[in-house]
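**Student:** Below is the structure I would like to discuss, written out as structure tokens.
Each value in this text was obtained by applying a stated rule to the coordinates, not by laboratory testing. On a predicted model such as this, the values are computed, not experimentally measured, just so you know. For neighbour counting, all protein chains shown are included, and Cβ atoms are generated from backbone atoms with ideal geometry for every residue, glycine included.
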Amino acid sequence: MQEENEPNERRKDRVLYRRRLHRQTRRGGAEPHSGKLPRGEQDPNLLVGYDSKDDAAVYRITDDLALVQTVDFFPPMVDDPYTFGQIAAANALSDVYAMGGEVKTALNLVCFPESMDLNVLGEILRGGAEKVAEAGGILAGGHSIADTGVKYGLSVTGLVDPHCLTANDTGRPGDQLILTKALGVGLICTANRVGEAAPEQMEAAIRSMTTLNKTAAEIAQRYEVHAATDVTGFSFLGHLHEMMGGRLSCVVNARAVPVLPGAWEAADACLYTAAGQRNRNHTGPFVRFENVPFPMEEILFDPQTSGGLLLAAAPQKAEALAQELRAAGLPAAIVGEIRDAQPTEITVKY
């Protein structure tokens, strides 16, 4: 931001924005459900809904067409409002890509203090609108409420052929696990808040968070992919646990996992997040680490914002898929393999 030429009032609002963002606790994803949610009558056309731990709801319209619906919003994790808008939008759009769908429309969801300069909100919305357009969707409206802190996100609708739907728990033994983005954005954002992240490290994290999963999804559709999810607040291991669905196990090669520069150092300095510790408490009982350094454990539990896709690809073409993803500029890697159910669900080796 170019603040030196701004009027004093607008500069004060930017300072207020930053102070409020640092007071807000970044949840890093929804908490695991502890109670039963109310449900309506069962509908055979609801292909993915309450009974799933999947990324979005899917409702069949015809034999060859289904709606994909998702929603996500959260408080800022970066100082710049425009960048925050881009990240929040990319994060919300990602669920449609994880289901194998195509983005069609989006609605803004805004919580914003009445006392804050609307130019800040305008920058957030500008960032979000640009990402919706990049996704090929149409921003069709939205809703806002007055709140004590800033929050932003999208409700997104997409389309998918039900025959090409990629749920998150339909992987098969032998499938290769491919991760399309590097991990560590939660750790780097935490380090940045206390002045411990180098500018180039934060810039790399922002580039990752503002990159849509559109290209990765389009490439994956050309291969035999049995399951997919996007890695967000529950962490790599949390989403991997959901992919196993209680009927599979997997082995992860931690050395192959792409990691953003600075994440290891932040974890080693104990600059991890409360959300990361909740992820460890929730998923840790399903994981066995074999000679894995503590910083790498923290990276695997780190809550991601606008993280990459985690794909379960048929083994015959998995390497070709990973190579095409890398050729497109993504730091994709084969990071593990799905196996039949074992006493330990997830084994991480180093």
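**Student:** What list of ³J(HN,Hα) values in whole Hz, one per residue of region 162-172 in order, does the Karplus curve 6.51 cos²θ - 1.76 cosθ + 1.60 (θ = phi - 60°) give from phi, with Gly and Pro shown as x?
**Tutor:** x, 6, 10, 5, 10, 6, 8, 10, 10, x, 10
**Student:** For the chain, what is the calculated [θ] at 222 nm in deg cm²/dmol (nearest 500), taking -39500 (n - 2.57) for each run of four or more DSSP H residues and dividing by its residue count?
**Tutor:** Taken over the chain, the calculation gives -10500 deg cm²/dmol.
**Student:** Arrange the peptides 186-195, 119-128 so that the one whose residues have, on average, the most other Cβ atoms within 10 Å appears first.
**Tutor:** 186-195, 119-128
**Student:** So what is the relative contact order for region 60-182, in percent, with contacts set as C-alpha pairs under 8 Å and at least six apart?
**Tutor:** 40
**Student:** Given Cα pairs under 8 Å that are at least 6 residues apart, what percent is the relative contact order of the chain?
**Tutor:** 22
**Student:** Assigning unit charges at the beta carbon (Lys, Arg +1; Asp, Glu -1) and nothing else, what dipole magnitude in debye, to the nearest 20, does the chain show about its Cα centre?
**Tutor:** 520
**Student:** May I ask you to evaluate 6.51 cos²θ - 1.76 cosθ + 1.60, the Karplus curve with θ = phi - 60°, for each residue of region 53-70 and list the ³J(HN,Hα) values in order in whole Hz, giving x for glycine and proline?
**Tutor:** 9, 7, 7, 7, 8, 10, 10, 6, 9, 9, 4, 10, 8, 9, 8, 10, 10, 8
**Student:** Still on this structure: What is the set of long-range amide H partners of GLY137 at a cut-off below 5 Å, with H atoms built 1.01 Å from backbone N?
**Tutor:** none
**Student:** Roughly how big is region 89-207's charge dipole about its Cα centre, with Cβ charges of +1 (Lys, Arg) and -1 (Asp, Glu), in debye to the nearest 20?
**Tutor:** With only Lys, Arg, Asp and Glu charged at Cβ, the dipole is about 120 debye.
**Student:** Does the chain come out rounded, prolate or oblate, given a ≥ b ≥ c as the square roots of the eigenvalues of its C-alpha gyration tensor, rounded meaning a/c under 1.5 and, failing that, prolate meaning a/b above b/c?
**Tutor:** Here the chain falls in the oblate category.
**Student:** Please list 3J(HN,Hα) in residue order for region 82-93, calculated via the Karplus relation 6.51 cos²θ - 1.76 cosθ + 1.60 where θ = phi - 60°; whole Hz, with x for glycine and proline.
**Tutor:** 4, 5, 4, x, 4, 5, 4, 5, 4, 5, 5, 5
**Student:** What are the residues whose amide H is under 5 Å from the amide H of VAL48, where those residues sit 5 or more places off or on another chain and H is modelled from the backbone?
**Tutor:** Residues meeting the amide H criterion: VAL58.
**Student:** Give me PHE112, PHE234 ranked fewest to most by other Cβ atoms within 10 Å of their Cβ, as a rough exposure proxy.
**Tutor:** Least to most surrounded, the residues fall as PHE112, PHE234.
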